[in-house]
Amino acid sequence: LYPSLDDYMGLSLTPEEVRANMPQVLEPPPSQAVVARPAGTVVTAPITGNSVQGVVGLQRAEIKQGVRQLVCCKDGNGKIGLRVRHVNKGVFVAFVHKDSPAALAGLRFGDQILQINEEVVAGWDMEKTMKYLKKCPPDRIIFAVRDRPFERTITMQKDSSNHIGFVFKNGKITAIAKDTSAARNGVLIEHQLIEVNGQNVVGLKDKEIAEIIAAGGPTVTITIMPTYVYNHIVKNMADSLVKKMMDHSIPDL
């Protein structure tokens with residue numbers, strides 16, 4: 001079915017001709033070949049991490065592509081425990097009350113709401129969205145949600161001193177240490193810590209965030225968002241409300 005390649009399109013491709021003209025093709029690599037490696041110990045955190053705890057943290061933090069559907073209901077007071085903000089003509093989750101129907105349904109800070117009960121909300125502001133939610137039936141509210149489009153996750157490995165290499169103040173990353181896992185894995189300043197190992201840390205004190213990082217094992221996955229976007233989403237929300245009433249539960253897998 002196929003012509004011989006010894007003489008194909010006028011080219012002589014016999015082993016002898018190949019050896020004479022392209023010796024590197026047939027020569028096996030030397031048995032003691034030296035592979036170039038970067039100097040020093042450079043460790044980039046693997047995607048899945050090295051520990052079971054690290055893997056679980058990454059799975060909880062994973063930002064899934066595409067759109068997901070969530071079904072929610074109202075509580076006895078007719079509320080779902082949700083606040084939104086509009087950003088660039090989109091509607092985003094700004095606050096999820098702990099132990100609320102919204103939290104139980106799986107809505108997370110930074111989620112983009114695309115539809116509510118098949119009604120497209122693009123271009124709606126906060127007031128229109130909240131008014132529409134109040135009019136929704138109490139027993140079934142269907143959200144079409146895009147998973148945290150302004151956020152990204154980064155997995156890092158702690159060094160021998162149990163550090164990952166960045167400094168934060170009020171949840172905002174302000175400095176990156178040179179030659180650390182944070183630097184090698186692309187952590188940026190002027191970004192806000194949103195989650196650590198999938199747990200929402202918005203509104204928590206720096207000490208509390210540091211404790212979560214310390215307890216996270218050798219592999220830590222953080223979820224971050226540009227600070228200017230974060231500030232717009234949380235604008236006009238009282239710090240006390242965010243710190244005391246925000247859902248900080250650990251997501252189920």
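The values are calculated or read from the model by the stated rules, or taken from the named source; none is laboratory data. Computed from a predicted structure; not experimentally measured. Note: ideal-geometry Cβ built from the backbone for every residue, glycine included; neighbour counts use all protein chains shown.
Summary table
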{"item": "Complete set of residues in segment 189-198 that are at pLDDT 95 or above and either in the same structural domain as Val87 (by TED's automatic domain parsing) or closer than 23 Å to Leu107 by Cα (or both)", "result": "His191, Gln192, Leu193, Ile194, Glu195, Val196"}
{"item": "Options Gly171, Gly106: the member that is assigned by TED's automatic domain parsing to the domain that holds Val229 and within 27 Å of Ser240 (Cβ to Cβ)", "result": "Gly171"}
{"item": "Selection within segment 162-180 - assigned to a loop (DSSP other than H, G, I, E, B) and not small (Gly, Ala, Ser)", "result": "Asn162, His163, Ile164, Asn170, Lys178, Asp179, Thr180"}
{"item": "Some residue of segment 153-161 being part of a loop (DSSP other than H, G, I, E, B) and touching a helix residue (DSSP H, G or I) at 6+ places or on another chain (Cβ under 9 Å)", "result": "yes"}
{"item": "Selection from segment 243-253 of residues that are surrounded by 13 or more Cβ atoms within 10 Å (Cβ to Cβ) and in a helix (DSSP H, G or I)", "result": "Lys243, Met245"}
{"item": "Test result for Gln157, under 30 Å from Ile113 (Cβ atoms), buried (at least 18 other Cβ atoms within 10 Å of the Cβ), not assigned by TED's automatic domain parsing to the domain that holds Ala103 and not aliphatic (A, V, I, L, M)", "result": "no"}
{"item": "Residue within segment 37-45 that is in contact with a strand residue (DSSP E or B) (Cβ under 7 Å, 6 or more places away or on another chain) and either at pLDDT 95 or above or assigned to a loop (DSSP other than H, G, I, E, B) (or both) present", "result": "yes"}
{"item": "Some residue of segment 104-123 being assigned to a loop (DSSP other than H, G, I, E, B), surrounded by fewer than 16 Cβ atoms within 10 Å (Cβ to Cβ), of a type in the set (A, V, I, L, M, F, W, C) and in contact with a strand residue (DSSP E or B) (Cβ under 7 Å, 6 or more places away or on another chain)", "result": "yes"}
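Here is a yes/no grid of residues against (1) part of a strand (DSSP E or B); (2) within 16 Å of the chain's Cα centre (by Cα); (3) surrounded by fewer than 15 Cβ atoms within 10 Å (Cβ to Cβ); (4) on the phi > 0 side of the Ramachandran plot:
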| site | (1), (2), (3), (4) |
| --- | --- |
| Ala182 | no, yes, no, no |
| Lys207 | no, no, yes, no |
| Ala210 | no, no, yes, no |
| Ile222 | yes, yes, no, no |
| Tyr230 | no, yes, no, no |
| Leu241 | no, no, yes, no |
